[in-house]
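Data block below; observations after.
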Amino acid sequence: MSQIPSSTPYLTLEERTDLMKKSDGKAFLAIVIHWSWIAGAFALVIWAPHFLTVLIALLILGGRQLACSVLMHDAGHFAVFQNKKINDTVGQVFGAWPIFQDMVAYRYYHLEHHQTTGLEEDPDILLTRGYPTSRRSMIRKILRDLSGITGFKALIGLIMMHLGYLEYNLGKKIVRVSQKNRSWSAFFLRLFKKFAGPVAINLAIWSILALLGHPWYYLLWIGAYLTTFQLVIRIRSIAE
């Protein structure tokens, strides 16, 4: 752990040291609760399939997908479990992969954000620059989020990043990567490396639902990713 300054206007050194302590037990409990909400959202629709329960499930799953990204973020900071290998494994399997992300790529990207926060070089600057905005603009943004337009564009962009055609950037900045001298073997190696984990975890979610006799309910996960998850990300950006 890096040295903590001895004085601040708000907290003592002892208070800050105590706050920064990692608790494996609390981390494990938080992840169990997080995934219990996800299981509960699916269970609600299985128990009472209805337009209203589907809507509630989409809202819950969108929020929980943001929680997946928060877990990826915290694990990227080595802030979840004391053991770094466990920290990274949990961050990938229960945080990044369910939302088609890569925690390792995110870690290096996010480090640049912390080094340049609020400056022009900040890779996340575009996420917050558009706010405050007009009521009409906000309505358009919300409609794009809930219609799936934002989510579809985000997913296509993420796939292109994973395939190496675009630089990894979650802040809406598009930078193409030259494919000169790139071999097909390198392409397929990257394809496997970037997609094996996300495909495996999402296949596991589908398989559990299939064993329960409801394989099509996996579409709730994709539907939330394309709609409510994008709206929750926007709300978070506004708050930030």
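The values are calculated or read from the model by the stated rules, or taken from the named source; none is laboratory data. Only a predicted model underlies this, so the values are computations on that prediction, with no experimental measurement involved. Here Cβ is always computed from backbone atoms with ideal geometry, including for glycine, and neighbour counts include all displayed protein chains. These area figures cover heavy atoms from the full protein model, side chains too; ligands, DNA and RNA do not enter into them. Shrake-Rupley method; radii C 1.70, N 1.55, O 1.52, S 1.80 Å.
In table form, for the structure just shown:
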read-out	value
So Gly157, is it part of a helix (DSSP H, G or I), over 17 Å from Ala39 (Cβ atoms) and at pLDDT below 95	yes
Matching option when the condition is in a loop (DSSP other than H, G, I, E, B) and charged (D, E, K, R), among Lys194, Lys180	Lys180
Of all residues in the stretch 141-178 being surrounded by 15 or more Cβ atoms within 10 Å (Cβ to Cβ), over 18 Å from the mean Cα position of the chain (by Cα) and not hydrophobic (A, V, I, L, M, F, W, C), the one that is farthest from Glu112 (Cα to Cα)	Arg144
All positions within the stretch 90-123 that are of a type in the set (Asp, Glu) and crowded, with 21+ Cβ neighbours inside 10 Å	Asp102
Answer residue from the stretch 179-195, given it is under 23 Å from the mean Cα position of the chain (by Cα) and open to solvent by 40 Å² or more (accessible area, probe 1.4 Å) and is nearest to Pro98 (Cα to Cα) among those	Phe195
Members of the stretch 78-89 found to be free of Cβ contacts under 8 Å to residues at least 60 places away in the same chain, open to solvent by 60 Å² or more (accessible area, probe 1.4 Å) and assigned to a loop (DSSP other than H, G, I, E, B), listed by number	Phe78, Asn83
